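Some notes on the structure that comes next.
The values are calculated or read from the model by the stated rules, or taken from the named source; none is laboratory data. If you're wondering where the values come from, they're calculated on a predicted model, not measured in any experiment. Cβ atoms come from the backbone with ideal geometry, glycine included; neighbour counts cover every protein chain shown. Surface areas here come from the heavy atoms of the whole protein model, side chains and all, with no ligands, DNA or RNA. Shrake-Rupley method; radii C 1.70, N 1.55, O 1.52, S 1.80 Å.
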Amino acid sequence: MMGTGIFLSVLLLALLILFFLKQLWSRRHLPPGPLALPFIGTILANGFWLSEDYFLKAAKQYGNIYTMWIGPHLLVVLSGFKAVKETMGSFPEEFSGRMVDAFTFAAAKERGIVFSNGHTWKQQRHIGVTSLRKLGLGKKSIEHQIEDAVQTLVEVVRQTKGEPFDPSLPVINAVSNIICALSFGHQFASEDENFQKLIQALESIVKFIGSFFHLAFVVFPQLMSYLPGPHKEALGSLDVISSFAMEEIEKHKESSALHEPQDFIDHYLLQMEKSNNDPDSTYNEDNLAQCIVDFFGAGTETTFTTIMWALLFLTNHPDIQEKVQKEIKDVFDISQSIFYQDRKKLPYTNAVIHEMQRVKYVLLAGLPRQTTKDVKMKDYHIPKGTIILPDLRSVLLDPEQWETPEEFNPNHFLDKDGKFIEREEFLPFGIGQRVCVGQQLARIEIFTFLTNLLKAFSFQLPQGVKKLNETPIIKVTAHPQPYKLCAIPTKT
(Lines give C-alpha, C1' and ligand atoms only; values in the text may rest on other atoms or scores of the structure.)
Protein backbone atom coordinates (compact mmCIF):
# COMPACT_ATOMS: atom_id res chain seq x y z
CA MET A 1 0.00 0.00 0.00
CA MET A 2 2.83 2.35 0.95
CA GLY A 3 4.65 1.47 -2.28
CA THR A 4 1.57 2.40 -4.32
CA GLY A 5 1.39 5.77 -2.54
CA ILE A 6 5.05 6.50 -3.22
CA PHE A 7 4.60 5.50 -6.87
CA LEU A 8 1.59 7.80 -7.29
CA SER A 9 3.45 10.67 -5.60
CA VAL A 10 6.46 10.23 -7.89
CA LEU A 11 4.15 9.99 -10.91
CA LEU A 12 2.33 13.18 -9.89
CA LEU A 13 5.64 14.98 -9.40
CA ALA A 14 6.86 13.79 -12.80
CA LEU A 15 3.66 14.97 -14.47
CA LEU A 16 3.98 18.39 -12.81
CA ILE A 17 7.62 18.70 -13.95
CA LEU A 18 6.57 17.66 -17.47
CA PHE A 19 3.74 20.22 -17.42
CA PHE A 20 6.06 23.05 -16.38
CA LEU A 21 8.73 22.09 -18.93
CA LYS A 22 6.09 21.97 -21.65
CA GLN A 23 4.82 25.37 -20.50
CA LEU A 24 8.29 26.88 -20.61
CA TRP A 25 8.88 25.50 -24.12
CA SER A 26 5.53 26.65 -25.55
CA ARG A 27 6.01 30.14 -24.10
CA ARG A 28 9.68 30.58 -25.01
CA HIS A 29 8.93 33.39 -27.50
CA LEU A 30 6.83 35.40 -25.04
CA PRO A 31 8.17 38.19 -22.81
CA PRO A 32 9.41 36.99 -19.39
CA GLY A 33 7.04 36.66 -16.48
CA PRO A 34 6.07 34.59 -13.44
CA LEU A 35 5.33 30.90 -13.81
CA ALA A 36 1.65 30.24 -14.50
CA LEU A 37 -0.25 27.71 -12.41
CA PRO A 38 -2.93 25.44 -13.97
CA PHE A 39 -6.40 27.05 -14.17
CA ILE A 40 -5.55 30.23 -12.22
CA GLY A 41 -2.51 31.47 -14.16
CA THR A 42 -0.27 34.04 -12.41
CA ILE A 43 -2.94 35.59 -10.19
CA LEU A 44 -1.00 34.73 -7.03
CA ALA A 45 2.39 35.92 -8.34
CA ASN A 46 2.15 39.40 -6.78
CA GLY A 47 -0.05 38.47 -3.85
CA PHE A 48 -3.70 37.48 -3.85
CA TRP A 49 -4.99 40.99 -3.10
CA LEU A 50 -4.69 43.86 -5.55
CA SER A 51 -2.55 46.81 -4.51
CA GLU A 52 -1.43 50.11 -6.04
CA ASP A 53 1.92 48.59 -6.97
CA TYR A 54 0.51 45.23 -8.14
CA PHE A 55 1.86 45.62 -11.68
CA LEU A 56 4.81 47.81 -10.71
CA LYS A 57 6.29 44.99 -8.60
CA ALA A 58 6.29 42.64 -11.59
CA ALA A 59 7.97 45.27 -13.79
CA LYS A 60 10.82 45.59 -11.29
CA GLN A 61 11.41 41.85 -11.50
CA TYR A 62 10.78 41.09 -15.19
CA GLY A 63 11.34 44.37 -17.04
CA ASN A 64 9.13 46.89 -18.84
CA ILE A 65 7.49 44.27 -21.10
CA TYR A 66 6.39 41.12 -19.30
CA THR A 67 3.82 38.32 -19.41
CA MET A 68 1.07 37.37 -16.96
CA TRP A 69 -1.89 34.99 -17.18
CA ILE A 70 -5.47 35.48 -16.02
CA GLY A 71 -6.58 31.88 -15.94
CA PRO A 72 -6.12 30.77 -19.58
CA HIS A 73 -5.91 34.35 -20.91
CA LEU A 74 -2.45 35.60 -22.00
CA LEU A 75 -1.68 39.13 -20.79
CA VAL A 76 1.33 41.20 -21.91
CA VAL A 77 1.95 44.28 -19.76
CA LEU A 78 3.74 47.40 -21.01
CA SER A 79 5.29 49.32 -18.13
CA GLY A 80 6.76 52.82 -18.12
CA PHE A 81 6.41 55.71 -20.57
CA LYS A 82 9.00 54.52 -23.07
CA ALA A 83 7.58 50.99 -23.41
CA VAL A 84 3.98 52.24 -23.64
CA LYS A 85 4.70 55.04 -26.13
CA GLU A 86 7.01 53.06 -28.42
CA THR A 87 4.95 49.88 -28.47
CA MET A 88 1.55 51.50 -28.84
CA GLY A 89 2.98 53.86 -31.46
CA SER A 90 4.55 51.01 -33.44
CA PHE A 91 1.41 48.85 -33.52
CA PRO A 92 -1.58 51.25 -33.43
CA GLU A 93 -3.85 49.04 -35.53
CA GLU A 94 -2.61 45.69 -34.20
CA PHE A 95 -3.20 46.80 -30.57
CA SER A 96 -6.55 48.49 -31.20
CA GLY A 97 -8.74 45.54 -30.24
CA ARG A 98 -10.64 45.37 -26.98
CA MET A 99 -10.44 42.38 -24.68
CA VAL A 100 -13.80 40.59 -24.57
CA ASP A 101 -14.07 38.14 -21.69
CA ALA A 102 -17.11 36.27 -20.41
CA PHE A 103 -18.33 39.12 -18.23
CA THR A 104 -17.86 41.95 -20.75
CA PHE A 105 -19.57 39.85 -23.42
CA ALA A 106 -22.51 39.14 -21.10
CA ALA A 107 -22.64 42.84 -20.20
CA ALA A 108 -22.24 44.46 -23.63
CA LYS A 109 -22.47 41.65 -26.23
CA GLU A 110 -19.74 43.49 -28.21
CA ARG A 111 -21.98 46.52 -28.72
CA GLY A 112 -21.36 50.21 -28.07
CA ILE A 113 -17.92 51.84 -27.92
CA VAL A 114 -15.93 50.42 -25.02
CA PHE A 115 -16.33 46.66 -25.55
CA SER A 116 -16.88 46.39 -29.30
CA ASN A 117 -14.34 45.61 -32.02
CA GLY A 118 -13.82 45.89 -35.76
CA HIS A 119 -16.40 47.63 -37.93
CA THR A 120 -18.89 48.02 -35.09
CA TRP A 121 -16.33 49.75 -32.89
CA LYS A 122 -15.15 52.08 -35.66
CA GLN A 123 -18.70 53.25 -36.43
CA GLN A 124 -19.72 53.60 -32.77
CA ARG A 125 -16.56 55.47 -31.86
CA HIS A 126 -17.04 57.75 -34.88
CA ILE A 127 -20.57 58.74 -33.85
CA GLY A 128 -19.38 59.21 -30.28
CA VAL A 129 -16.50 61.51 -31.23
CA THR A 130 -18.41 63.54 -33.82
CA SER A 131 -21.49 63.93 -31.62
CA LEU A 132 -19.49 65.17 -28.65
CA ARG A 133 -17.72 67.64 -30.91
CA LYS A 134 -20.99 68.89 -32.41
CA LEU A 135 -22.56 69.22 -28.99
CA GLY A 136 -19.97 71.85 -28.26
CA LEU A 137 -17.22 70.50 -26.06
CA GLY A 138 -15.12 73.49 -25.16
CA LYS A 139 -17.85 75.82 -26.39
CA LYS A 140 -20.74 77.44 -24.59
CA SER A 141 -23.44 74.78 -24.94
CA ILE A 142 -21.95 71.97 -22.83
CA GLU A 143 -20.27 74.40 -20.46
CA HIS A 144 -23.65 75.93 -19.65
CA GLN A 145 -24.90 72.46 -18.68
CA ILE A 146 -21.81 71.98 -16.54
CA GLU A 147 -22.26 75.43 -14.99
CA ASP A 148 -25.84 74.48 -13.98
CA ALA A 149 -24.56 71.29 -12.36
CA VAL A 150 -21.76 73.22 -10.61
CA GLN A 151 -24.14 75.80 -9.17
CA THR A 152 -26.47 73.06 -7.96
CA LEU A 153 -23.55 71.31 -6.26
CA VAL A 154 -22.35 74.55 -4.67
CA GLU A 155 -25.83 75.16 -3.21
CA VAL A 156 -26.06 71.60 -1.87
CA VAL A 157 -22.66 71.98 -0.20
CA ARG A 158 -23.65 75.40 1.18
CA GLN A 159 -26.62 73.79 2.93
CA THR A 160 -24.22 71.75 5.09
CA LYS A 161 -23.46 75.06 6.92
CA GLY A 162 -19.91 74.09 7.74
CA GLU A 163 -20.86 70.83 9.47
CA PRO A 164 -19.05 67.57 8.61
CA PHE A 165 -20.58 65.85 5.56
CA ASP A 166 -19.84 63.09 3.08
CA PRO A 167 -19.37 64.75 -0.34
CA SER A 168 -19.78 61.51 -2.34
CA LEU A 169 -23.57 61.69 -2.91
CA PRO A 170 -23.77 65.33 -4.10
CA VAL A 171 -20.67 64.84 -6.28
CA ILE A 172 -21.93 61.63 -7.94
CA ASN A 173 -25.31 63.29 -8.53
CA ALA A 174 -23.64 66.28 -10.19
CA VAL A 175 -21.28 64.25 -12.39
CA SER A 176 -24.00 61.79 -13.44
CA ASN A 177 -26.26 64.67 -14.39
CA ILE A 178 -23.63 65.92 -16.86
CA ILE A 179 -23.83 62.57 -18.66
CA CYS A 180 -27.64 62.82 -18.54
CA ALA A 181 -27.50 66.30 -20.09
CA LEU A 182 -25.14 65.10 -22.80
CA SER A 183 -27.06 61.91 -23.58
CA PHE A 184 -30.67 62.96 -22.99
CA GLY A 185 -30.59 66.76 -23.24
CA HIS A 186 -31.74 67.38 -19.67
CA GLN A 187 -30.74 66.89 -16.04
CA PHE A 188 -32.66 65.29 -13.17
CA ALA A 189 -33.55 66.52 -9.71
CA SER A 190 -31.38 64.70 -7.19
CA GLU A 191 -34.48 63.31 -5.47
CA ASP A 192 -35.91 61.86 -8.71
CA GLU A 193 -36.61 58.18 -8.00
CA ASN A 194 -35.50 56.88 -11.41
CA PHE A 195 -32.34 58.99 -11.28
CA GLN A 196 -31.43 57.52 -7.89
CA LYS A 197 -32.02 54.01 -9.25
CA LEU A 198 -29.54 54.88 -11.99
CA ILE A 199 -26.97 56.06 -9.41
CA GLN A 200 -27.46 52.89 -7.33
CA ALA A 201 -27.00 50.72 -10.43
CA LEU A 202 -23.72 52.49 -11.24
CA GLU A 203 -22.49 51.99 -7.67
CA SER A 204 -23.38 48.29 -7.81
CA ILE A 205 -21.34 47.80 -10.99
CA VAL A 206 -18.34 49.72 -9.61
CA LYS A 207 -18.45 47.64 -6.43
CA PHE A 208 -18.39 44.43 -8.49
CA ILE A 209 -15.68 45.26 -11.05
CA GLY A 210 -12.33 43.97 -9.83
CA SER A 211 -13.85 41.85 -7.06
CA PHE A 212 -13.24 38.14 -6.44
CA PHE A 213 -16.56 37.27 -8.10
CA HIS A 214 -15.63 39.33 -11.18
CA LEU A 215 -12.34 37.44 -11.51
CA ALA A 216 -14.12 34.12 -10.94
CA PHE A 217 -16.61 34.98 -13.71
CA VAL A 218 -13.74 35.69 -16.13
CA VAL A 219 -11.81 32.51 -15.28
CA PHE A 220 -14.75 30.11 -14.73
CA PRO A 221 -17.63 31.58 -16.79
CA GLN A 222 -19.62 28.37 -17.29
CA LEU A 223 -19.55 27.53 -13.59
CA MET A 224 -20.43 31.09 -12.50
CA SER A 225 -23.36 31.26 -14.91
CA TYR A 226 -25.11 28.63 -12.76
CA LEU A 227 -24.21 30.13 -9.38
CA PRO A 228 -25.89 33.04 -7.56
CA GLY A 229 -23.75 35.95 -6.44
CA PRO A 230 -22.81 39.61 -7.00
CA HIS A 231 -22.17 38.92 -10.72
CA LYS A 232 -25.91 38.44 -11.21
CA GLU A 233 -26.61 41.71 -9.39
CA ALA A 234 -24.03 43.54 -11.53
CA LEU A 235 -25.55 42.25 -14.77
CA GLY A 236 -28.98 43.27 -13.45
CA SER A 237 -27.65 46.77 -12.74
CA LEU A 238 -26.38 47.02 -16.32
CA ASP A 239 -29.88 46.13 -17.48
CA VAL A 240 -31.26 48.95 -15.29
CA ILE A 241 -29.05 51.53 -17.03
CA SER A 242 -29.81 50.07 -20.47
CA SER A 243 -33.57 50.18 -19.78
CA PHE A 244 -33.22 53.76 -18.55
CA ALA A 245 -31.50 54.62 -21.84
CA MET A 246 -34.13 52.81 -23.95
CA GLU A 247 -36.93 54.79 -22.26
CA GLU A 248 -35.18 58.05 -23.19
CA ILE A 249 -34.62 56.78 -26.74
CA GLU A 250 -38.36 56.11 -27.12
CA LYS A 251 -39.16 59.62 -25.87
CA HIS A 252 -36.75 61.10 -28.39
CA LYS A 253 -38.26 59.08 -31.24
CA GLU A 254 -41.63 60.64 -30.47
CA SER A 255 -40.22 64.18 -30.70
CA SER A 256 -39.44 66.02 -33.94
CA ALA A 257 -35.97 67.35 -33.05
CA LEU A 258 -33.89 64.96 -35.16
CA HIS A 259 -32.90 67.54 -37.74
CA GLU A 260 -31.96 70.02 -35.00
CA PRO A 261 -30.18 67.58 -32.67
CA GLN A 262 -29.84 68.72 -29.07
CA ASP A 263 -28.14 65.72 -27.47
CA PHE A 264 -26.38 62.43 -28.23
CA ILE A 265 -29.60 60.46 -28.80
CA ASP A 266 -30.77 63.02 -31.37
CA HIS A 267 -27.46 62.83 -33.22
CA TYR A 268 -27.48 59.03 -33.17
CA LEU A 269 -31.10 58.71 -34.37
CA LEU A 270 -30.31 61.13 -37.19
CA GLN A 271 -27.32 58.96 -38.17
CA MET A 272 -29.58 55.88 -38.11
CA GLU A 273 -31.95 57.65 -40.50
CA LYS A 274 -29.08 58.60 -42.85
CA SER A 275 -27.72 55.02 -42.81
CA ASN A 276 -31.10 53.37 -43.29
CA ASN A 277 -30.18 51.90 -46.70
CA ASP A 278 -26.62 50.92 -45.79
CA PRO A 279 -26.46 47.12 -45.29
CA ASP A 280 -23.13 47.48 -43.44
CA SER A 281 -24.45 50.01 -40.95
CA THR A 282 -24.19 49.14 -37.24
CA TYR A 283 -26.17 52.19 -36.19
CA ASN A 284 -29.16 50.76 -34.34
CA GLU A 285 -31.00 51.18 -31.05
CA ASP A 286 -29.15 48.36 -29.29
CA ASN A 287 -25.79 49.98 -30.03
CA LEU A 288 -27.19 53.40 -29.10
CA ALA A 289 -28.36 52.12 -25.71
CA GLN A 290 -24.97 50.48 -25.10
CA CYS A 291 -23.14 53.70 -26.04
CA ILE A 292 -25.13 55.47 -23.32
CA VAL A 293 -24.29 52.70 -20.83
CA ASP A 294 -20.62 53.22 -21.79
CA PHE A 295 -20.91 56.97 -21.22
CA PHE A 296 -22.28 56.41 -17.74
CA GLY A 297 -19.83 53.65 -16.86
CA ALA A 298 -16.70 55.37 -18.12
CA GLY A 299 -17.71 59.03 -17.87
CA THR A 300 -19.19 59.04 -14.39
CA GLU A 301 -16.93 56.79 -12.34
CA THR A 302 -13.52 58.20 -13.30
CA THR A 303 -14.54 61.88 -13.01
CA PHE A 304 -16.36 61.27 -9.72
CA THR A 305 -13.36 59.45 -8.23
CA THR A 306 -10.93 62.15 -9.41
CA ILE A 307 -12.99 64.90 -7.73
CA MET A 308 -13.31 62.85 -4.53
CA TRP A 309 -9.51 62.37 -4.39
CA ALA A 310 -8.97 66.08 -5.07
CA LEU A 311 -11.25 67.20 -2.22
CA LEU A 312 -9.60 64.73 0.15
CA PHE A 313 -6.11 65.78 -0.88
CA LEU A 314 -6.81 69.52 -0.64
CA THR A 315 -8.35 69.06 2.79
CA ASN A 316 -5.25 67.19 3.97
CA HIS A 317 -2.96 69.87 2.48
CA PRO A 318 -4.37 73.27 3.46
CA ASP A 319 -1.19 75.05 2.33
CA ILE A 320 -1.75 73.93 -1.26
CA GLN A 321 -5.46 74.71 -1.02
CA GLU A 322 -4.73 78.25 0.22
CA LYS A 323 -2.28 78.89 -2.61
CA VAL A 324 -4.88 77.74 -5.17
CA GLN A 325 -7.56 79.91 -3.57
CA LYS A 326 -5.27 82.94 -3.55
CA GLU A 327 -4.63 82.52 -7.29
CA ILE A 328 -8.37 82.22 -7.93
CA LYS A 329 -9.18 85.23 -5.72
CA ASP A 330 -6.56 87.36 -7.47
CA VAL A 331 -8.19 86.71 -10.86
CA PHE A 332 -11.95 86.36 -10.19
CA ASP A 333 -14.58 88.22 -8.21
CA ILE A 334 -16.59 86.10 -5.78
CA SER A 335 -19.68 86.40 -8.01
CA GLN A 336 -17.92 85.25 -11.19
CA SER A 337 -18.18 81.71 -12.48
CA ILE A 338 -15.00 80.03 -13.70
CA PHE A 339 -15.01 78.24 -17.07
CA TYR A 340 -12.59 75.84 -18.69
CA GLN A 341 -11.21 78.50 -21.03
CA ASP A 342 -10.10 80.41 -17.90
CA ARG A 343 -7.48 77.76 -17.09
CA LYS A 344 -4.71 79.82 -18.72
CA LYS A 345 -5.34 82.49 -16.10
CA LEU A 346 -4.81 79.92 -13.33
CA PRO A 347 -1.53 78.11 -14.11
CA TYR A 348 -0.82 76.95 -10.54
CA THR A 349 -4.39 75.72 -10.05
CA ASN A 350 -4.25 73.87 -13.36
CA ALA A 351 -0.91 72.32 -12.37
CA VAL A 352 -2.33 71.19 -9.00
CA ILE A 353 -5.31 69.51 -10.71
CA HIS A 354 -3.03 67.71 -13.19
CA GLU A 355 -0.65 66.64 -10.43
CA MET A 356 -3.53 65.22 -8.37
CA GLN A 357 -4.64 63.19 -11.37
CA ARG A 358 -1.08 61.94 -11.75
CA VAL A 359 -0.35 61.03 -8.12
CA LYS A 360 -3.84 59.69 -7.40
CA TYR A 361 -4.58 57.99 -10.71
CA VAL A 362 -8.08 56.52 -10.50
CA LEU A 363 -7.41 53.22 -12.32
CA LEU A 364 -5.23 50.33 -11.19
CA ALA A 365 -3.47 50.32 -14.58
CA GLY A 366 -5.77 51.24 -17.48
CA LEU A 367 -8.18 49.44 -19.78
CA PRO A 368 -6.69 46.43 -21.59
CA ARG A 369 -6.48 46.04 -25.37
CA GLN A 370 -6.32 42.89 -27.48
CA THR A 371 -4.13 42.10 -30.48
CA THR A 372 -6.02 41.88 -33.78
CA LYS A 373 -3.26 39.82 -35.43
CA ASP A 374 0.06 38.15 -34.68
CA VAL A 375 2.76 40.68 -33.81
CA LYS A 376 6.56 40.43 -33.90
CA MET A 377 7.71 42.79 -31.15
CA LYS A 378 11.45 43.01 -30.53
CA ASP A 379 12.45 39.37 -30.00
CA TYR A 380 8.97 38.35 -28.89
CA HIS A 381 6.13 36.72 -30.79
CA ILE A 382 2.76 38.03 -29.53
CA PRO A 383 -0.07 35.88 -30.92
CA LYS A 384 -3.40 37.20 -32.11
CA GLY A 385 -5.92 37.51 -29.27
CA THR A 386 -3.30 38.40 -26.64
CA ILE A 387 -4.48 40.90 -24.03
CA ILE A 388 -2.25 44.00 -24.05
CA LEU A 389 -2.21 46.16 -20.93
CA PRO A 390 -0.58 49.60 -21.28
CA ASP A 391 0.07 50.27 -17.58
CA LEU A 392 -0.83 53.96 -17.35
CA ARG A 393 -0.13 54.09 -13.62
CA SER A 394 3.48 53.12 -14.35
CA VAL A 395 3.66 55.96 -16.90
CA LEU A 396 2.34 58.51 -14.42
CA LEU A 397 4.84 57.32 -11.79
CA ASP A 398 7.78 56.68 -14.12
CA PRO A 399 10.97 57.80 -12.31
CA GLU A 400 12.65 58.42 -15.67
CA GLN A 401 10.05 61.05 -16.56
CA TRP A 402 9.01 62.73 -13.29
CA GLU A 403 11.39 64.53 -10.94
CA THR A 404 9.63 63.30 -7.78
CA PRO A 405 7.30 60.54 -9.04
CA GLU A 406 5.95 59.42 -5.66
CA GLU A 407 5.46 62.92 -4.25
CA PHE A 408 2.88 65.59 -4.98
CA ASN A 409 4.75 68.29 -6.88
CA PRO A 410 2.84 70.87 -9.01
CA ASN A 411 6.19 71.97 -10.47
CA HIS A 412 5.97 68.88 -12.70
CA PHE A 413 3.54 70.99 -14.78
CA LEU A 414 5.12 74.44 -14.37
CA ASP A 415 8.09 76.03 -16.11
CA LYS A 416 10.66 78.23 -14.36
CA ASP A 417 8.39 81.26 -14.91
CA GLY A 418 5.38 79.58 -13.29
CA LYS A 419 3.56 79.01 -16.59
CA PHE A 420 1.63 75.77 -17.12
CA ILE A 421 3.24 73.21 -19.45
CA GLU A 422 1.67 70.21 -21.12
CA ARG A 423 3.50 66.91 -20.58
CA GLU A 424 3.32 64.07 -23.11
CA GLU A 425 3.92 61.67 -20.21
CA PHE A 426 0.57 62.73 -18.71
CA LEU A 427 -1.63 59.92 -20.05
CA PRO A 428 -4.54 59.37 -17.63
CA PHE A 429 -6.97 59.06 -20.55
CA GLY A 430 -5.02 56.43 -22.47
CA ILE A 431 -3.04 56.39 -25.69
CA GLY A 432 -3.54 55.35 -29.30
CA GLN A 433 -6.74 54.55 -31.15
CA ARG A 434 -8.58 53.59 -27.95
CA VAL A 435 -7.87 56.85 -26.12
CA CYS A 436 -10.90 57.91 -24.04
CA VAL A 437 -13.67 59.38 -26.24
CA GLY A 438 -14.79 61.69 -23.43
CA GLN A 439 -11.40 62.97 -22.27
CA GLN A 440 -12.17 66.58 -23.19
CA LEU A 441 -15.47 66.45 -21.33
CA ALA A 442 -13.69 64.99 -18.28
CA ARG A 443 -11.05 67.74 -18.36
CA ILE A 444 -13.74 70.42 -18.50
CA GLU A 445 -15.74 68.86 -15.66
CA ILE A 446 -12.83 68.31 -13.29
CA PHE A 447 -11.43 71.82 -13.76
CA THR A 448 -14.80 73.58 -13.59
CA PHE A 449 -16.16 71.68 -10.57
CA LEU A 450 -12.99 72.02 -8.50
CA THR A 451 -12.23 75.68 -9.23
CA ASN A 452 -15.79 76.82 -8.51
CA LEU A 453 -15.95 74.77 -5.31
CA LEU A 454 -12.62 76.22 -4.14
CA LYS A 455 -13.81 79.73 -4.97
CA ALA A 456 -16.89 79.23 -2.80
CA PHE A 457 -15.48 77.17 0.10
CA SER A 458 -12.45 76.26 2.15
CA PHE A 459 -12.43 72.54 2.88
CA GLN A 460 -11.32 71.63 6.38
CA LEU A 461 -10.93 68.57 8.58
CA PRO A 462 -13.77 67.85 11.02
CA GLN A 463 -12.99 68.67 14.65
CA GLY A 464 -10.77 66.00 16.22
CA VAL A 465 -9.67 64.52 12.87
CA LYS A 466 -5.94 64.93 12.22
CA LYS A 467 -5.86 63.62 8.64
CA LEU A 468 -8.16 61.93 6.13
CA ASN A 469 -7.10 58.42 5.12
CA GLU A 470 -5.20 58.47 1.80
CA THR A 471 -4.95 54.68 1.51
CA PRO A 472 -7.02 53.71 -1.55
CA ILE A 473 -9.56 50.94 -1.95
CA ILE A 474 -8.08 49.00 -4.87
CA LYS A 475 -10.07 47.08 -7.45
CA VAL A 476 -9.96 48.04 -11.14
CA THR A 477 -10.32 51.57 -9.80
CA ALA A 478 -8.52 53.19 -6.86
CA HIS A 479 -11.20 54.80 -4.67
CA PRO A 480 -10.55 56.86 -1.55
CA GLN A 481 -11.87 55.50 1.73
CA PRO A 482 -15.23 57.04 2.75
CA TYR A 483 -14.63 60.38 4.48
CA LYS A 484 -16.29 63.53 5.79
CA LEU A 485 -15.07 67.11 5.60
CA CYS A 486 -16.31 70.59 6.40
CA ALA A 487 -17.01 73.22 3.73
CA ILE A 488 -16.52 76.72 5.16
CA PRO A 489 -17.86 79.50 2.91
CA THR A 490 -15.11 81.85 1.76
CA LYS A 491 -15.29 85.49 2.83
CA THR A 492 -16.53 87.98 0.24
For the pair GLN196 and LYS416, what calculated FRET efficiency results from E = 1/(1 + (r/R0)^6), where r is the Cβ-Cβ distance and R0 = 45 Å, to the nearest 0.05? 0.35
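When you have a sec, figure out the Kirkwood radius of the range 335-492 from all distinct Cα pair distances and drop it here in Å to one decimal?
Kirkwood hydrodynamic radius for the range 335-492: 18.3 Å.
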If you count only protein heavy atoms and use a 1.4 Å probe, how large is the accessible surface of SER79, to the nearest 10 Å²? 10
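Tally up the carbon and sulfur contribution to the accessible surface of the chain as a whole percent, 1.4 Å probe, everything protein left in place. Please list the in-between numbers first.
Details: 13560 of 23880 Å².
Ligands and nucleic acids excluded, carbon and sulfur reach 57 percent.
May I ask for the Rg/Rh ratio of the chain, computed from Cα atoms with Rh as the Kirkwood radius, given to two decimals? Provide the component values of the computation, followed by the final result.
Details: Rg = 24.3 Å, Rh = 24.4 Å.
Rg divided by Rh gives 0.99.
So if R0 is 35 Å, what FRET efficiency would LYS122 and VAL331 give, r being the distance between their Cβ atoms, rounded to the nearest 0.05? It would help to have the intermediate numbers written out before the result.
Details: r = 43 Å, r/R0 = 1.22.
Efficiency at R0 = 35 Å is approximately 0.25.
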Taking only the C-alpha atoms, wrap a convex hull around the range 220-340 and report its volume per residue in Å³ as a whole number. 222
In terms of modelled amide H atoms, which long-range or inter-chain residues lie less than 5 Å from the amide H of ARG98? GLN370
The ³J(HN,Hα) series, computed from each phi in the range 366-379 with the Karplus coefficients 6.51, -1.76 and 1.60 at θ = phi - 60°, rounded to the nearest Hz and given as x for glycine or proline, is x, 8, x, 10, 8, 5, 8, 7, 4, 10, 9, 10, 6, 9
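For a Förster distance of 25 Å, can you work out the FRET efficiency between the beta-carbons of ILE209 and ASN284, rounded to the nearest 0.05? Write out the running numbers ahead of the final one.
Numbers: r = 27 Å, r/R0 = 1.06.
Computed FRET efficiency for ILE209 and ASN284 comes out at 0.40.
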Going 7 Å from the Cα of GLU250 toward and past its Cβ, which residues in the range 162-194 have a backbone nitrogen under 16 Å from where you end up? 194
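So what is Rg over Rh here for the range 422-492, counting just Cα atoms and using Kirkwood for Rh?
Numbers: Rg = 16.5 Å, Rh = 15.4 Å.
Rounded to two decimals, Rg over Rh is 1.07.
Please identify the GluC sites (Glu not before Pro) of the range 188-242 that satisfy two criteria: DSSP loop assignment and at most 14 other Cβ atoms within 10 Å. Which are they? Walk me through the intermediate numbers first.
Details: sites: GLU191, GLU193, GLU203, GLU233; in loops: GLU191.
Of the GluC sites (Glu not before Pro), the ones in loops of the range 188-242 whose Cβ has at most 14 other Cβ atoms within 10 Å are GLU191.
Provide the packing ranking of 61-74, 417-430, i.e. peptides ordered by the mean count of other C-beta atoms within 10 Å per residue, highest first. Mind showing how you got there, number by number?
Details: 61-74: 18.7, 417-430: 14.6.
My ranking of the peptides, most packed first, is 61-74, 417-430.
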Distance in nm between ASP53 and LEU37 label points, each 7 Å along Cα→Cβ, equals 2.3
Solvent exposure of the range 66-164 as accessible area per residue, Å², 1.4 Å probe: 43
Amide H to amide H under 5 Å from SER458: which residues, 5+ apart in sequence or cross-chain, H placed 1.01 Å off N in plane? ILE488, THR490
Net lengthening on full extension, LEU227/LEU169 (0.36 nm per residue, minus Cα-Cα): 17.7 nm
Could you pull the accessible area for ILE142 with a 1.4 Å probe, rounded to 10 Å²? 10
Sequence neighbours fewer than 8 away in the same chain don't count; with that in mind, list the aspartates and glutamates whose C-alpha is under 16 Å from LYS373. GLU93, GLU94
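Grab the Cα-Cα distance for LYS274 and ASP379, subtract it from 0.36 nm times how many residues apart they are, and report the gain in nm with one decimal.
Values: separation 105, 0.36 × 105 = 37.80 nm, distance 4.75 nm.
That works out to 33.0 nm of additional length.
With every protein chain kept in place and ligands, DNA and RNA left out, what is the accessible area per residue of the range 222-349? Probe 1.4 Å, answer in Å². Mind showing how you got there, number by number?
Details: 6300 Å² over 128 residues.
Result: 49 Å² of accessible area for each residue.
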Stretch SER90-GLN481 to full length: gain in nm at 0.36 nm per residue minus the Cα-Cα span? 136.9 nm
Hey, can you grab everything whose amide H is under 5 Å from the amide H of THR477? Only 5+ residues off in sequence or another chain; H modelled, so Pro and N-termini drop out. LEU364
